[in-house]
Amino acid sequence: MAMTTDTHATLAVEHTPLASMPHDTHGGISNPVLGMLLFITSEVMFFGGLFAAYFSIRANASQWPPTNVETGQPFALAILPFVGPATILLILSSFTCQYAVIQIRHDDRTRFLRGMTITVVLGIIFLLAQVTDYSLLGSEGLTLSSGTYGTTYFTLTGFHGAHVFGGVIMLSVILYRGMLGQFSSRHYDAVEAASLYWHFVDVVWILLFSLLYLLPGKTAAT
């Protein structure tokens, strides 16, 4: 019984045999990182298509945002109280994610787990803020069926939200495996691959935020 207790204590404080696997024995990019880079490349093309569709619809519209038929006023997207702070938190989460990567590279498991936990929490807060903002927009008359504007807005932000949700799941798995001691300075390829995906999600949102909230609209010609 004493031997079992000591073994569990060692696993909790140090690393499992999986963490002792070599990080890279052949040089170059590891398979998990390479696979993630290829996946991100396909996602760039996917979002590129969505951005192209948005610009095409916007360019062909006489007024953008269009007029809300219920209020007679153009649709308006508010940065506050949810989207602006959520954007700051998502950007911050990219830094905490990279902090976690740096710490596991230095074999500091405690700080790695701390940074990854904060990243997951910030990702969840972003999703909750987006859902709340959707509810607020719906009460103001902007829905998926609100013409091309509503369709493009909810398609762009909805697909991004789905990617954030996938990233939260991915980072949660990384966090769980880290708590089991499966990562170390010799074995952290999965951590690095997940961080690349999270940085990609962050960059996409910065572009979306700039496009949807900061880009000046078009006024209908008189």
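The values are calculated or read from the model by the stated rules, or taken from the named source; none is laboratory data. Keep in mind that what you see is a predicted model, and the values were worked out from it rather than measured. With ideal geometry, Cβ positions are generated from the backbone for all residues, glycine too; neighbour counts draw on all protein chains shown. All accessible areas refer to the heavy atoms of the entire protein, side chains included, with ligands and DNA or RNA removed. Shrake-Rupley method; radii C 1.70, N 1.55, O 1.52, S 1.80 Å.
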Please compute the net charge surrounding residue 198, taking Lys and Arg as +1 and Asp and Glu as -1 over other residues with Cβ under 13 Å from its Cβ.
-> -3
How large, in percent, is the carbon and sulfur part of the accessible surface of the chain at a probe radius of 1.4 Å?
-> 70 percent
Mind grabbing the base-10 log of I(q)/I(0) for the stretch 54-142 at q = 0.13, 0.16 Å⁻¹? Debye formula, identical points on the C-alpha positions, no solvent, two decimal places.
-> -0.62, -0.76
Which label belongs to the value computed from this structure, given these candidates for P(r) over Cα pairs in 5 Å bins from 0, in percent: [x] 1, 7, 15, 19, 22, 19, 12, 5, 1, 0; [y] 1, 6, 13, 15, 15, 12, 10, 8, 6, 5, 4, 2, 1, 1, 0, 0, 0, 0; [z] 1, 6, 14, 18, 19, 15, 10, 7, 5, 3, 1, 0?
-> [y]
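Which FRET efficiency value, to the nearest 0.05, is calculated for residue 210 and residue 169 with the Förster distance at 25 angstrom and r the Cβ-Cβ distance?
Values: r = 27 Å, r/R0 = 1.07.
So, using R0 = 25 Å, E works out to roughly 0.40.
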Extension gain residue 136-residue 88, at 0.36 nm per residue separation less the Cα-Cα distance, in nm?
-> 15.3 nm
Identify, among 33, 182, 49, the residue whose Cα sits farthest towards the positive end of the charge dipole of the chain, taking +1 on the Cβ of Lys and Arg and -1 on the Cβ of Asp and Glu, with the dipole about the Cα centre.
-> 49
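Once R0 is set to 30 Å, what does the formula 1/(1 + (r/R0)^6) return for the Cβ-Cβ distance between residue 151 and residue 79, expressed as a FRET efficiency to the nearest 0.05?
Working: r = 22 Å, r/R0 = 0.72.
After rounding to 0.05, the efficiency reads 0.90.
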Please list 127-134, 70-77 highest first by mean number of surrounding beta-carbon atoms within 10 Å per residue.
-> 127-134, 70-77
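Hey, what's the Kirkwood Rh for the stretch 109-222 if you take every pair of different alpha carbons, in angstrom? Can you show the working numbers first?
On the way: mean 1/r = 0.0619 Å⁻¹.
For the stretch 109-222, the Kirkwood estimate is 16.2 Å.
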The chain - mean residue ellipticity at 222 nm from DSSP helices (-39,500 (n - 2.57) per run, n ≥ 4, rounded to 500) | -24000 deg cm²/dmol
Taking the simple approach of a point 7 Å from Cα along Cα-to-Cβ for both residue 185 and residue 53, what is their distance in nm?
-> 4.8 nm
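Once whole DSSP H runs in the chain are found, which of them have Cα atoms spread over 27 Å or more along the helix axis and a mean Kyte-Doolittle score of at least -0.5? Please report the intermediate quantities before stating the final value.
Values: long enough: 31-60 (44 Å, 1.15); 83-105 (33 Å, 1.26); 109-139 (45 Å, 0.99); 147-179 (47 Å, 0.76); 189-209 (30 Å, 1.24).
Counting only whole DSSP H runs, the qualifying helices are 31-60, 83-105, 109-139, 147-179, 189-209.
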Per 5 Å bin, what percent of the C-alpha pairs of the stretch 109-164 does each bin hold, from zero upward?
-> 4, 18, 21, 19, 13, 9, 7, 5, 4, 1, 0
For the stretch 113-222, build the charge dipole from Cβ charges (+1 Lys, Arg; -1 Asp, Glu) around the Cα centre, then report which of 171, 201, 123 sits farthest towards its positive end.
-> 171
